[in-house]
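Data block below; observations after.
The values are calculated or read from the model by the stated rules, or taken from the named source; none is laboratory data. These numbers come from a predicted model, not from an experiment. Reconstructed Cβ throughout: ideal geometry from the backbone, glycine too, with neighbour counts over all protein chains shown. Surface accessibility is based on the protein's heavy atoms, side chains included, excluding ligands, DNA and RNA. Shrake-Rupley method; radii C 1.70, N 1.55, O 1.52, S 1.80 Å.
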Amino acid sequence: MKITFYGQNSLAIEVSGKHIIVDPFISGNPLAKDKVDISVLKADYILLTHAHQDHILDVETIAKRTDATIVSNYEIAMHYQDKGFKVHPMNHGGNWKFDFGNVKYVNAVHTSSFPDGSYGGQPGGFVIEGEHKNIYIAGDTALTMDMKLIPMSTKLDLAILPIGDNFTMGIDDAILASDFVECDKVLGVHYDTFGYIEIDHEEAKKKFYDAEKDLMLLEIGASIEL
Ligand code: NI
Ligand code: MN
């Protein structure tokens with residue numbers, strides 16, 4: 001499983017020969033738009049945690065070109081189905097075996113309206129099990145006790161957690177979240193994109209290190225291999 005970071009919560013995942021894009025917000029991200037060319041990104045699936053602009057901005061551009069299937073909660077899936085896109089609706093607690101692995105849509109504590117204010121259902125995260133590796137993409141969320149449910153069914157190899165604070169968990173709560181999901185290997189996301197969520201990278205890494213955990217902060221466009 002290969003995971004590439006495109007800024008904010010935007011990720012590309014290659015697993016079992018399939019290409020997954022998560023929460024594409026690239027053309028509107030000043031940190032990412034000159035580094036990532038959305039016109040060449042491969043996508044068989046686009047996974048969306050919730051409907052906020054900083055997670056869905058480039059969905060239609062990418063889905064039109066690639067014919068990718070959009071996977072999200074029921075309301076977001078219907079929003080895109082009505083516009084003619086291929087979708088796979090899910091809801092919280094549900095699993096589906098895709099051709100690349102198993103996906104579970106899990107709880108997040110946040111909000112989820114589309115940019116025009118229309119209802120985007122309840123926000124979520126994804127647990128993906130594929131190629132004998134398991135990852136948790138928390139999406140935008142507060143620290144929540146529901147995270148403790150995840151390791152009861154899945155032994156995680158990586159937790160992808162928001163760390164930017166203000167709109168989501170910050171560093172200290174992300175460390176607790178890492179305990180809750182029983183995974184000490186964390187990829188930090190949702191930081192630095194705007195002033196509200198700028199963080200001190202060295203301080204963040206030191207806090208994780210002091211908690212005997214590993215926080216990875218990838219350059220935009222950089223990848224890790226699990
Ligand atoms: Ni959000
Ligand atoms: Mn966000």
Away from ligand 2 (no atom under 16 Å from the Cβ) and either crowded, with 20+ Cβ neighbours inside 10 Å or at positive phi (or both): does that describe residue 51?
-> no
The listed residue being touching a strand residue (DSSP E or B) at 6+ places or on another chain (Cβ under 8 Å), at pLDDT 95 or above and more than 22 Å from residue 28 (Cβ to Cβ), out of 74, 80, 45 | 74
Which condition number in (1) open to solvent by 10 Å² or more (accessible area, probe 1.4 Å); (2) farther than 25 Å from residue 174 by Cα; (3) within 16 Å of ligand 1 (Cβ to nearest atom) is the one that residue 76 fails?
-> (1)
Kindly provide the set of residues from region 128-146 that are open to solvent by less than 60 Å² (accessible area, probe 1.4 Å) and modelled with pLDDT under 95, ordered by number.
-> none
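Filtering region 16-40 down to residues that are outside any loop (DSSP other than H, G, I, E, B) and crowded, with 22+ Cβ neighbours inside 10 Å, which residue is farthest from ligand 1 (Cβ to nearest atom)? Please lay out each step first, then the result.
Of all residues in region 16-40, those outside any loop (DSSP other than H, G, I, E, B) come to 18-22.
Okay, now just the ones that are also crowded, with 22+ Cβ neighbours inside 10 Å, so 20-22.
Details: 20: 19, 21: 17, 22: 13 Å.
Step by step, filter region 16-40, then rank; the result is 20.
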Test set (1) in contact with a strand residue (DSSP E or B) (Cβ under 7 Å, 6 or more places away or on another chain); (2) over 22 Å from residue 190 (Cβ atoms) - residue 20 fails condition number = (2)
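Quick grid of which residues meet (1) within 16 Å of ligand 2 (Cβ to nearest atom); (2) open to solvent by 30 Å² or more (accessible area, probe 1.4 Å); (3) within 16 Å of residue 106 (Cβ to Cβ); (4) not in a loop (DSSP other than H, G, I, E, B):
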position	(1), (2), (3), (4)
126	yes, no, yes, yes
155	no, yes, yes, no
188	yes, no, no, yes
199	yes, yes, no, no
219	no, yes, no, no
Here the qualifying pairs (Cβ atoms under 8 Å; residues six or more apart or on different chains; first in region 167-180 and within 15 Å of ligand 2 (Cβ to nearest atom); second part of a helix (DSSP H, G or I) and among the hydroxyl-bearing types (Ser, Thr, Tyr)) come out as 167/196
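Look at residue 87 and say whether it is crowded, with 19+ Cβ neighbours inside 10 Å, away from ligand 1 (no atom under 16 Å from the Cβ), more than 17 Å from the chain's Cα centre (by Cα) and at pLDDT 95 or above.
Values: crowded, with 19+ Cβ neighbours inside 10 Å: yes; away from ligand 1 (no atom under 16 Å from the Cβ): yes; more than 17 Å from the chain's Cα centre (by Cα): yes; at pLDDT 95 or above: yes.
Answer is yes for this residue.
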